[in-house]
Every structure is written in C-alpha cells, then in structure tokens.
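Okay, so here's the structure we're looking at.
Computed from the coordinates by the stated procedures, all read-outs in this text should not be read as laboratory data. Note that this is a predicted model, so its numbers are computed, not measured. Please note: Cβ atoms are built from the backbone with ideal geometry, for glycine as well, and neighbour counts cover all protein chains shown.
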Amino acid sequence: MFSFLSLGLLNLEVIHGKVYKDLSNKNSIRLLAQSGARGKILDREGNILVDSRLSYDVMILPQELNRSDKALMSISNVLNASANDLKGAFKHGYALESMPIAIAKNIDTKKAIALEELKTDIPGLIIQPKPVRHYPYGRLACHVIGYVNEIDRWRLTKLADYGYKTRDYVGFGGVEEKYDYYLRQEEGGLSVEVDHRGRFMRMLGFKQPRNGRDLQLTLNLKIQKIADEKLAGRKGCVIVMDPYTGEIIAMASSPNFNPSAFVDKSNSSISNLFNNPDAPLINRAISASYPAGSVFKVIVATAGLETRKINLSTTFLCQGSTLIGDQEFACWNTHGQQNLIAAITHSCNVFFYKTGLLVGAQVIHDYAIKFGLSRPASFELPYETGGFIPSPLWRKINKFKNWFNGDTANLSIGQGDVLVTPLQLTRMMAVFANRGYLVTPYIVKAIDGQDISVYQRKITSLSIKPSTIDNIRQGLRDVVLNPTGTANILSEVGISVAGKTGTAQVAYGQPHAWFIGFLPFKNPKFVICVFLEHSGPGQVSCVLAKQIIESLISEGLI
C-alpha cells in the first residue's frame, strides 16, 4: 500500500508536477476586465458625430454578500426595478464566488451615486464604470455611421482569429462595421488571486485599457443636417459629393433609425426596427437598387455621340409615341422635332428610343459599364449592391430568350431590367461635372489624425471626347435654364444648376422620382442626387433639391 502511495506521489509531484502546478495557478488567478472607450467619429471639420459616455453597471461579488435577498431589495428600490428580475440576473450570471455578477447595466450617474451610498451596508456591491456609445445628433447620418451591438454567431465565426470573443460589442453597418478593427478598444483590467474557495486574496496586476482610434469622415455636419432635415418624412435618399475627388459630403437615407436604441437595449424599439416594412435599417443610397429612368439617357447620348451614330444635327420627330415592331412605345408628351440638346432638355423618350436602336443594346451596355454601373462603386460602407445592366448575351445565356428591338427601346430610357443605386448615378453625373473622369466615392478622411485621403482617391479618365462632354453639359444646363425644361423650377435658386430628372416606372404604385445634377455649372462644387421612392414624376425630386440648394446658399455653404 505504501509502495502504491509513493508511486502515486511520485507521479503527481515529479512526472506530472509541472502540469498540475500550471492548472493550480490558472485556478487561483482571476481576470476582472475593464473596457476602454470606442474611437470617436468626427466630421471633416473635427465636429464630433459619435463619441462615448460613461455608463455604469451594477455588479455583485457573491463572496462578500451575506444577505442577498435584503441587498437586492435595497438595490431594486434605487433602480426602480423588480427585485425578482435582479434575483433572476444574479442566479443566471453566477459562476464562481470570486466572479462579479452584473445584475443591471447602463444606469445613469444619478443612480450610480445613490448606489455608492449603499456600499457600506452591502459590501459586495460594485459600481463598474463602462463607456458606451453616445450619439449627440440622434438619427443624423445613422446609415453612414451604423450602430454597435453584441457580436453575433456569424461574426464571431469569422472574426475569432482576430481576437474577437463572445459578448464583445462590435459595429453593425456603416463605418462602425467597416472600420471596427480601428474603432474597437483594447480591454484592460485587474489580475487577482483567489483561494481554493474562490475568495479574493490579493491583487496581482493591472493593465490600463486603451481607447480605439478616431475616424474623421468626409461628411460636412451642416450639409448633412440639411439633407437629413429636408428628407425627413419621405422615403428615399440624398447624396452630396465632391465631383473631383469622390468625397461624400452628405449621405442621408429615409426612413432612418436612432442608433441609441441598441445602447439603451429597448427590446420593443429594436424589434420594431427589424420588423418595420419600410426597412429603416437599409441605406437606400447604396444597398437598394432601382430602375434608372430617364437619368440613364445621358449614357445613351454619350454612346450615340462617341460612336457617331448621332450628332447635334440629328433630329427625330416626337408625336407622342413611336412604333417599334408591332408595339407602340409612348413618350410622356408630344415634343415635335427634337435634336439631342432639346431631347435632353425635354427628356423625350422617342428621341432616345431611336438613338438606342441606332447605337445597339450591346454598345449601350458597354458604355453603362464604362460609367461604373452594374458593379459596386468600391465604396467603403458594407452591403453595397452592384445593380444590373442587361445585355443580349445575358438574355441568351440566362433566360434562353432572344433580345428584341423593344428591349433596346426600354434599355434606352433606363427601364426594363435596368437596376442602379443612387450612388452609382451620382458617380455617373460627376463625369459631366468634372469633364470626363470617373471618381471612386469615399467617406473616411483620416484615422487617428493621419490623413489617408491620398490613398482613397481613385480617378480614371473615360477618354470621352471634350465635344461630347460639352454637348451633354449644355443639354443638362438647359434642363434647368430652359422654361420648358423638366427641372426649370431650379432656375429660381440663385445659382447655376445643371442636371437630369428621371421618372422610373415600376410594376406597382407611383413611379420613383430622380433628380441628379451639379452646381455651380461652370466650376461645380457639388454633385447632388435626390431620389424619392414612389413619389411621382421627377419634378417632385426637383422640389426637394430646390429646398436643399436654397438652404446651402442661405448657410453660405456654396
């Protein structure tokens, strides 16, 4: 018996001694985490769009708590919470005697101070300060910013190798998600030693938590406010972009949401966001695709001029409709004899039906691709859709059907299977504002004070003839300047505006309304896109564009 005991002792102390010593050390050391603050999000001028505020969690250390029922009752009186809910949180969170249990989260400073006064009567009570996201402007630019929430299983699976773990808070949507790696804080905390019963013995060390890095965006707070305020109560989006660099000056999508809902953890408000049929969490500027309508006509015009299928002397007679095959294709009005400039000014469908047939569907498709359609704009925000531009080859391979002249006619006015995002059309219009260059939109200007815009700017020459650009620019100017132009209402704003309206027909409900333009005409400072879902003809968007431009002028922003 003594021989067996000696062999067992030898095995424990000598052969496996190091293994058991390591296990003992691990069992005797507890890590109490403390979190730093997530990085701030600033506008281009350094104004704070998102920062962090101190919140407080109420925690209980079981080994110090003698009469838990009485203590929880006292705490519930201060928090105005149910004592049964606190008991449930205590039982659910219990792991070890030495591990604090969070029984209430995100309480305000006033309640935290009141609870501090109870610590003499409740030795196991801990008020743990914790930084949480703070949105001083509420819903402003919420789709660009995104929100912060507890990591889900899908993200945890993808990001576990990068140090993410269960119950981490990460970004969802917007720059919060795209730049989460830079914004996220580094945890610190206390290392303490406990005895074999899990009771606190002494503190072994402390690691200072570190804050995340700050992001400076290209957004202009004042212009973003104008865009959000004017769009409120409608369904659609507004984009303001620098036509030379691709910097997004403002991006508003409506309906929108308040990111604070995910901080306050109101289950009803979060549930309403996800179940709302109006989809307030979707950024309509980049994540939803729509028929382009008549805004697409500038691509057909470019293709016609560049391939020399038409010129400024080319005219077609608009009698309100035209026959293609055995089907009548309508125009929205009777325009008479139209050349290119007049057709852009009046948005004449008949002129573009016939131009499209001369150019051909494949060439129109290729020019649309050249202008950046049918693929994401390489934008920085997540969940950007690429849209779609059909072609005869696509129809043959995917639908096993032939392409007909009627399909080309629909393509020529941005209908049929054409799908685009508002950001793609904003980028397209910038080509005419900057005279021939396709820019890549971007929204992050600097990280932790280091300017990264030089790496963000990607500008490509489309090699379009200057005469083509000039002719289409003249048509876009006449859309506003000519008394019969479809956006003539914008001639009243006191600054030279050029652009194109669009009325995109849909299978049900009112058509979508587009206006995309640039201003001032000679030396554009901004490209502006106003898109409204199911709102009627393009002139409806012009009214909203007029309100936005007038506000920009009155604020001295142009």
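Okay, here's what the table says:
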read-out	value
Distance-filtered residues of region 124-143 - backbone nitrogen under 17 Å, label point 7 angstrom along Ser269 Cα→Cβ	132-143
Lys, Arg +1 and Asp, Glu -1 on Cβ, resulting dipole of the chain about Cα centre, debye, nearest 20	640 debye
Theoretical FRET efficiency, 1/(1+(r/R0)^6), r = Cβ-Cβ of Ile558 and Gln208, R0 35 Å, to 0.05	0.15
More than 11 angstrom apart: percent of Cα pairs within region 338-383	72 percent
Proxy reagent accessibility, fewest Cβ within 10 Å first, across Lys222, Lys18	Lys18, Lys222
Cleavage-rule hits, trypsin sites (Lys or Arg not before Pro), region 286-329, DSSP coil, Cβ neighbours within 10 Å at most 15	Arg308
Projected label distance in nm at Leu9 and Ser378, using a 7 Å step from Cα toward the beta-carbon	7.3 nm
20 Å Cα-Cα threshold exceeded, pairs from Lys465/Lys522; Lys500/Lys525; Lys445/Lys500; Lys225/Lys525	Lys445/Lys500
Distance in nm between pseudo-label sites at Glu117 and Lys458 (7 Å out along the Cβ direction from Cα)	6.0 nm
Sequence of Arg477, Arg427, Arg139 once ranked by neighbouring C-beta atoms within 10 Å, starting from the fewest	Arg139, Arg477, Arg427
Full-extension gain in nm, Lys401 to Glu186, via 0.36 nm per residue minus C-alpha separation	71.7 nm
Compactness of the chain as Cα Rg over 2.2 N^0.38 Å, two decimals	1.28
Neighbourhood net charge (11 Å Cβ-Cβ; Lys/Arg +1, Asp/Glu -1) for Ala303	+2
Spin-label pair Leu317/Lys465, simplified geometry with 7 Å Cα→Cβ offset, distance in nm	2.8 nm
For region 204-299, Kirkwood radius (reciprocal of mean inverse C-alpha pair distance, Å)	16.5 Å
Normalised alpha carbon radius of gyration of region 356-433 [divisor 2.2 N^0.38 Å]	1.15
Burial ranking of peptide ranges 399-409, 168-178 (average Cβ count within 10 Å, highest at the top)	168-178, 399-409
Reciprocal of mean inverse Cα separation for region 220-356 (Kirkwood radius, Å)	18.6 Å
Volume per residue of the C-alpha convex hull in region 415-505, rounded to whole Å³	159 Å³
Gained length - Asp278 relative to Thr385, 0.36 nm times residue gap less alpha-carbon distance	36.7 nm
Dipole-positive endmost among Tyr383, Asn77, Ala303 within the chain (Cβ charges, Cα centre)	Ala303
Two-decimal Rg to Rh for region 271-323 - Kirkwood Rh, Cα set	1.29
Fewest-first sequence of Leu7, Leu423, Leu481 by Cβ atoms within 10 Å of each Cβ	Leu7, Leu481, Leu423
Peptides ranked, highest mean first, by Cβ atoms within 10 Å: ranges 373-382, 71-80, 524-533	524-533, 373-382, 71-80
